[in-house]
């Protein structure tokens with residue numbers, strides 16, 4: 001197995017939570033499913049987080065121009081929403097994706113998806129192009145938490161959900 005294939009197989013074994021990065025502004029309304037969302041820091045002037053998006057994605061270009069985004073952490077019952085924003089079985093038109101799901105504009109006008117376990121509305125702080133992907137870092141402006149705390153996970157090339165292990169408190 002070559003290095004790339006081994007890398008992909010190895011990374012498939014790491015369960016990550018699923019998020020949809022959305023943006024709205026001068027460049028238009030766009031959204032894409034991402035599995036690379038992570039916190040950077042809760043300290044500093046504002047909390048910060050990051051995610052990665054392919055450099056050819058129209059979502060990355062829109063975020064760079066709009067200078068803001070919302071990271072919507074999906075709830076474990078939102079597999080269909082993940083598939084929609086991943087471009088599976090639906091319209092390739094990003095604007096059409098927003099007509100298929102309820103959402104509202106957040107504090108700074110970014111699309112917050114209904115039912116997400118948490119939404120993090122951010123101003124783009126910096127972006128770094130690393131080979132094939134933009135690493136987007138945002139300063140969190142607002143957080144919304146739903147009454148559904150269980151996040152949708154993805155690992156071993158399938159959707160998953162977290163379970164409580166015996167002996168865990």
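Below, the figures for the structure above:
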item: Residues of segment 6-27 classified as over 20 Å from residue 137 (Cα atoms) and touching a helix residue (DSSP H, G or I) at 6+ places or on another chain (Cβ under 8 Å), total; result: 0
item: Test for residue 144: is it touching a residue at least 40 places away in the same chain (Cβ under 8 Å), in a strand (DSSP E or B) and over 17 Å from residue 80 (Cβ atoms); result: no
item: Residue match in segment 65-77 (condition: modelled with pLDDT under 95, over 13 Å from residue 135 (Cα atoms) and over 16 Å from the mean Cα position of the chain (by Cα)); result: no
item: Test for residue 62: is it buried (at least 22 other Cβ atoms within 10 Å of the Cβ), under 19 Å from residue 110 (Cβ atoms), touching a helix residue (DSSP H, G or I) at 6+ places or on another chain (Cβ under 7 Å) and modelled with pLDDT of 90 or more; result: no
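Residue-wise test of (1) modelled with pLDDT under 90; (2) surrounded by fewer than 17 Cβ atoms within 10 Å (Cβ to Cβ); (3) over 11 Å from the mean Cα position of the chain (by Cα); (4) under 26 Å from residue 96 (Cα atoms).
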residue	(1), (2), (3), (4)
2	no, yes, yes, no
8	yes, yes, yes, no
11	yes, yes, yes, no
24	no, no, yes, yes
28	no, yes, yes, yes
49	no, no, no, no
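The values are calculated or read from the model by the stated rules, or taken from the named source; none is laboratory data. A quick note: this is a predicted structure, and the numbers were derived from the prediction, not measured. Every residue, glycine among them, receives a Cβ derived from its backbone with ideal geometry; neighbour counts consider all protein chains shown.
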